[in-house]
Amino acid sequence: MLVLAAVSLGLMAWSHLGWYELQQRAQILAAQHVPGPAQALAAELHDAIGQQQRLDLLKMALVGSLTVLLLVLIARVQRQREDVVGSLKARESQLRHKSRMYDFLSHVNQAIVRADSEADLLRRACDVAVEQGQFRKAWVALFDADVPRQLNCQAAAGDPQPPSDTLSFRVTPDPVAELSQCLLEGRCFRTADLSQHPDLPLWASQAIAAKTPGCVIVPLLRDEELVGHLLLLGRRVKDQDSEELALFQDLSDDLSFALTNLHRDTQHGLTQERVRLHAAALESTRDGMMVLNRNRVLVSINPAFTTLTGYVEDEAVGRTPEFLFPDQPAELIEEIRAYLLSQGAWQGEVWFRRKSGELFMVKMSLSAVRSARGRPAHFVAMFTDITPLKETEERLARMAHFDPLTDLPNRVLIQQRLSHALSLAQRHHTLVGVVFIDLDNFKTVNDGLGHAAGDSLLKQVAQRLRERVRQEDTLGRLSGDEFILVLEHLRHPQQAGQVASAILESLGQPFTLEGGQQVYVRASIGISLYPQDGQDASELIRNADAAMYESKRRGRNSLNFYTEAFTAVATNRLQLETRLRRAVEHDEFTLHYQPMVNLATGQIVALEALVRLKTPAGGDATLPSIGPGEFIPVMEETGMIVALGEWVLHEACRQGKAWLDAGLHFGRIAVNLSPSEVRRGGVIERLSRILRDTGLPPEHLEIEITESGLMESGTSAEQFLLMLYQLGVSLSIDDFGTGYSSLAYLKRFPVHQLKIDRSFIQDTPGNVSDCQLVSTMISMAHGLHMAVVAEGVELAEQADFLAELGCDMVQGYLYSRPVPASQVAELLRVRGTETPVA
């Protein structure tokens, strides 16, 4: 450009110099005033100067045009140079970006080679994306197996924003949102600005706020199934470069290929480990295993096979399994084989035979191992020895159905066999007899000689009963001392009676216990017959039981056939028990008091507390009244007597203390003590507590114990009575003459009086024998320094007779019926009392 300017200026200067020289010559010629030719020459010079000037102007125009042209060319060249430089720089930047992306992909491939697990690969991919790919944030999110569309972050690298708690997110389906569609469909996603997309997840909004709006999402597949995405955030992302899109697609393919291989390697390793564990388990298991081919030939066994059967591998492999089965192996094996071919598996219990010849039961399962074509190629049999289990089951079954003491069928098995016998009898129109046997006074043996002696006696009774029954009959033990016999195929009721009579006869012989001691046991028997006495097992047993109780009521050691009246008695008994339990719970008892009168003075010396059941009221008003002679025995049998006895004792002491506080002197209050209460124990403690709680002085209390109750207590009676005596209470023997008292015992007992039972008084003075007995008892009592009370005195002749014999006190309707506590004060006023006890 400078050269062209210099040339133009040179041409202009040269043109101007020529014109200037011609002008100088013309001026010289004009100054010399040369005429003629000179003037013509001047004119010519002048013309030449004009032409020169015009030529100079032309040259100058030419030079200017050239200069402008050159300047335009120079400007265009400069612009072209700048465009080339800019293009080169852009190309260079693009090459650097692609080089970085290829370097990123190369490092990802290196990470793939170095990764030893899926987690390691994902972590390395995130690190490479940040370090080599120069992304600001990278993380991998995989779909949750349980929560649909939930992506959970597995690895992350880069900036702290977005925070880690937002990198796990749930994709919301949106048909117009490209981001959610790519995430759900597994397509690559690129954007230079996330803010241009609607319905963004939280992490996207945080990325925009952190000035990293660019985003790339690379899908990850495993076995051609979308499992997650690699998410990349950056400040500048080119979303229009098709080559870069192809590169990210290659990245997706490479990572997906690596994930698939790592997963397969992991699964292969797990499979190999399972195979190894299965092999080790088969080698170490205690269950026997054998593998058979399609021809039923053993091809493999495990050590447990040898342990269970005794056959080593050389003795078993190559043989068919018939040698393991003791009976008809061909039929059993063919049956199992047919089931295997149709169902593919078989399971059951079979008997095996050991090499030693010993039989044992196994639980075996067989299954078919199929080839690639689906046909059975081998069969695997697993078996375990269940002989101990079967033996245990048999023992448990026997324990569940047989009495362990006598080895007789128990209630459950009796019910089953009786039901079966009834079915047969219905079909063949025969009779079935149920014989209910209850030992009489077995409790006396059990309590007196101990439970060991009682058990020995029960076993001997069971053995004798076995000897009297037929093979088709069932003899069982229900409970305690109760036995039952089921007689089948009877043609007439007398057959059952004959068997029962034979049983009574066999039990009539003494039983010898350990130590040589002999005891006698009798039995009460009840018989019910099918079909007339019942249609099912429970009804027949219940009715035979009712008949047995009738035998006991009639004196024991006898047999009775069932009638409907026995059931009515049993029903009434059950209703009575229910009523009495309710009475105990709802305080429906009351006390009446009957005076004991000094026969010589006619004054009251004591009051006997007698319990009464209140008359029902309300809805139960129609129930009959029940006397103590009826409900006391029931309460003793059921154990309710203890609660009733405690209430009676407490109420009597409370009432006695109230009378004393009111200034009424009644002598003593007599309270009866049941033998059942004595046997159950705790009497001394209860009595001490009641005296302490009520405040009644013990000298105002008299305890009456029946003669039979004392004798049941045996040698412990003396100690028991002594403890009562030490409490300060008076002691009296009630119902004297009805038991079997030992005079040796009586003289040692700390008893102050005897009460003669009313059964000896009611026929006096007309019955000579009773008179003699009463006279003897009074004399004996006085000889033992005991006072005598006669019960049941209802006639004046009886009182006069007793007075002649020297009886001390009397009690009965002749003097007063039992009266409630509210009438005692009037009774004391009319009769009067002796001097109060000091």
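The values are calculated or read from the model by the stated rules, or taken from the named source; none is laboratory data. This one's a predicted model, so the numbers in the text were calculated from it and none came from an experiment. Please note: Cβ atoms are built from the backbone with ideal geometry, for glycine as well, and neighbour counts cover all protein chains shown. We work out accessible area using only protein heavy atoms, side chains counted, and drop any ligands, DNA or RNA first. Shrake-Rupley method; radii C 1.70, N 1.55, O 1.52, S 1.80 Å.
Restricting attention to the stretch 130-153, the residues being surrounded by fewer than 18 Cβ atoms within 10 Å (Cβ to Cβ) and either more than 19 Å from residue 193 (Cβ to Cβ) or at pLDDT 95 or above (or both) number 9. If only residues of the stretch 533-549 that are open to solvent by 10 Å² or more (accessible area, probe 1.4 Å) and not in a helix (DSSP H, G or I) are counted, the one that is farthest from residue 417 (Cα to Cα) is 533.
Looking across 273, 224, 243, one residue alone is touching a helix residue (DSSP H, G or I) at 6+ places or on another chain (Cβ under 9 Å), surrounded by fewer than 18 Cβ atoms within 10 Å (Cβ to Cβ) and farther than 23 Å from residue 171 by Cβ. It is 243.
Quick test for you: out of 832, 806, pick the one residue that is closer than 25 Å to residue 667 by Cα, modelled with pLDDT of 90 or more, small (Gly, Ala, Ser) and open to solvent by less than 80 Å² (accessible area, probe 1.4 Å).
On the way: 832 fails: modelled with pLDDT of 90 or more.
Sole residue among the options that is closer than 25 Å to residue 667 by Cα, modelled with pLDDT of 90 or more, small (Gly, Ala, Ser) and open to solvent by less than 80 Å² (accessible area, probe 1.4 Å): 806.
Considered as a group, the residues in the stretch 243-297 that are hydroxyl-bearing (Ser, Thr, Tyr) and out of contact with any Lys or Arg (no Cβ under 9 Å at 6 or more places or on another chain) include one that is nearest to residue 108 (Cα to Cα), and that residue is 252.
Out of 737, 728, 695, I need the residue that is modelled with pLDDT under 85 and closer than 28 Å to residue 666 by Cα. Which one? On inspection, the qualifying residue turns out to be 737. Just one of the listed residues (363, 355) is within 22 Å of residue 390 (Cα to Cα) and in contact with an Asp or Glu (Cβ under 6 Å, 6 or more places away or on another chain), and it is 363. Residue count for the stretch 432-465, restricted to those that are more than 45 Å from the chain's Cα centre (by Cα) and surrounded by fewer than 21 Cβ atoms within 10 Å (Cβ to Cβ): 6. Of all residues in the stretch 514-532, those satisfying the criterion of being open to solvent by 60 Å² or more (accessible area, probe 1.4 Å) and more than 30 Å from residue 430 (Cα to Cα) are 514, 515, 517, 518, 520, 522.
Looking at the stretch 571-580, can you tell me whether even one residue there is over 30 Å from residue 507 (Cα atoms), modelled with pLDDT of 85 or more and of a type in the set (Lys, Arg)? Yes, the conditions are met somewhere in the stretch 571-580.
Of all residues in the stretch 422-438, none satisfies being of a type in the set (Gly, Ala, Ser) and at positive phi.
Can you confirm whether residue 576 is touching a residue at least 12 places away in the same chain (Cβ under 8 Å) and touching a Leu at 6+ places or on another chain (Cβ under 9 Å)? Judged against the criteria, residue 576 is not a match.
Would you mind stating whether residue 236 is touching a strand residue (DSSP E or B) at 6+ places or on another chain (Cβ under 9 Å), open to solvent by 60 Å² or more (accessible area, probe 1.4 Å) and more than 20 Å from residue 169 (Cβ to Cβ)? So residue 236 fits the description; yes. The set of residues from the stretch 475-513 being closer than 20 Å to residue 403 by Cα, of a type in the set (Gly, Ala, Ser) and either in contact (Cβ under 8 Å) with a residue 40 or more places away in the chain or open to solvent by less than 30 Å² (accessible area, probe 1.4 Å) (or both) comprises 476, 479.
Among residues of the stretch 127-143 being touching a residue at least 40 places away in the same chain (Cβ under 8 Å) and within 16 Å of residue 154 (Cβ to Cβ), the one that is nearest to the chain's Cα centre (by Cα) is 143.
On the basis of being touching a Phe, Trp or Tyr at 6+ places or on another chain (Cβ under 9 Å), assigned to a helix (DSSP H, G or I), touching a residue at least 40 places away in the same chain (Cβ under 8 Å) and open to solvent by less than 10 Å² (accessible area, probe 1.4 Å), does residue 251 make the cut? Explain how you work it out, then say what you get.
Numbers: touching a Phe, Trp or Tyr at 6+ places or on another chain (Cβ under 9 Å): yes; assigned to a helix (DSSP H, G or I): yes; touching a residue at least 40 places away in the same chain (Cβ under 8 Å): yes; open to solvent by less than 10 Å² (accessible area, probe 1.4 Å): yes.
Here the answer is yes, as residue 251 does meet what is asked.
Only one entry of 765, 820, 750 meets the criterion of being under 60 Å from the mean Cα position of the chain (by Cα) and surrounded by fewer than 20 Cβ atoms within 10 Å (Cβ to Cβ), and that entry is 820.
Considering the conditions (1) open to solvent by less than 60 Å² (accessible area, probe 1.4 Å); (2) farther than 23 Å from residue 692 by Cα, residue 630 is excluded by exactly one of them, (1). From the list 106, 205, 180, 195, which one is crowded, with 19+ Cβ neighbours inside 10 Å, among the hydroxyl-bearing types (Ser, Thr, Tyr) and either free of Cβ contacts under 8 Å to residues at least 24 places away in the same chain or outside any loop (DSSP other than H, G, I, E, B) (or both)? Answer to the check: 180.
Name the single residue that is most open to solvent (accessible area, probe 1.4 Å) among those in the stretch 208-221 being of a type outside the set (Val, Ile, Thr) and in a strand (DSSP E or B). Within the stretch 208-221, the match that is most open to solvent (accessible area, probe 1.4 Å) is 221. Any residue at all in the stretch 254-268 that's crowded, with 20+ Cβ neighbours inside 10 Å, of a type in the set (S, T, N, Q) and modelled with pLDDT of 85 or more? Among the residues of the stretch 254-268, at least one is crowded, with 20+ Cβ neighbours inside 10 Å, of a type in the set (S, T, N, Q) and modelled with pLDDT of 85 or more, which makes the answer yes.
Kindly indicate whether residue 425 is open to solvent by 10 Å² or more (accessible area, probe 1.4 Å) and either in a helix (DSSP H, G or I) or free of Cβ contacts under 8 Å to residues at least 24 places away in the same chain (or both).
Numbers: open to solvent by 10 Å² or more (accessible area, probe 1.4 Å): no; either in a helix (DSSP H, G or I) or free of Cβ contacts under 8 Å to residues at least 24 places away in the same chain (or both): yes.
So residue 425 fails the test.
What's the total number of residues in the stretch 361-420 that are in a helix (DSSP H, G or I) and free of Cβ contacts under 8 Å to residues at least 40 places away in the same chain?
The initial filter retains those residues of the stretch 361-420 that are in a helix (DSSP H, G or I), namely 387-401, 411-420.
Checking which are free of Cβ contacts under 8 Å to residues at least 40 places away in the same chain leaves us with 387-401, 412, 416, 420.
Final tally of qualifying residues: 18.
Of the residues making up the stretch 642-693, those that are in a helix (DSSP H, G or I), open to solvent by less than 30 Å² (accessible area, probe 1.4 Å) and in contact (Cβ under 8 Å) with a residue 60 or more places away in the chain are 644, 652, 655, 659.
Would you mind stating whether residue 460 is in contact with a strand residue (DSSP E or B) (Cβ under 6 Å, 6 or more places away or on another chain), part of a helix (DSSP H, G or I), of a type outside the set (Phe, Trp, Tyr) and free of Cβ contacts under 8 Å to residues at least 60 places away in the same chain? Spelling it out, residue 460 is indeed in contact with a strand residue (DSSP E or B) (Cβ under 6 Å, 6 or more places away or on another chain), part of a helix (DSSP H, G or I), of a type outside the set (Phe, Trp, Tyr) and free of Cβ contacts under 8 Å to residues at least 60 places away in the same chain.
Across the stretch 316-371, the qualifying residues are those that are among the acidic types (Asp, Glu) and open to solvent by 60 Å² or more (accessible area, probe 1.4 Å), and the one among them that is nearest to residue 393 (Cα to Cα) is 349.
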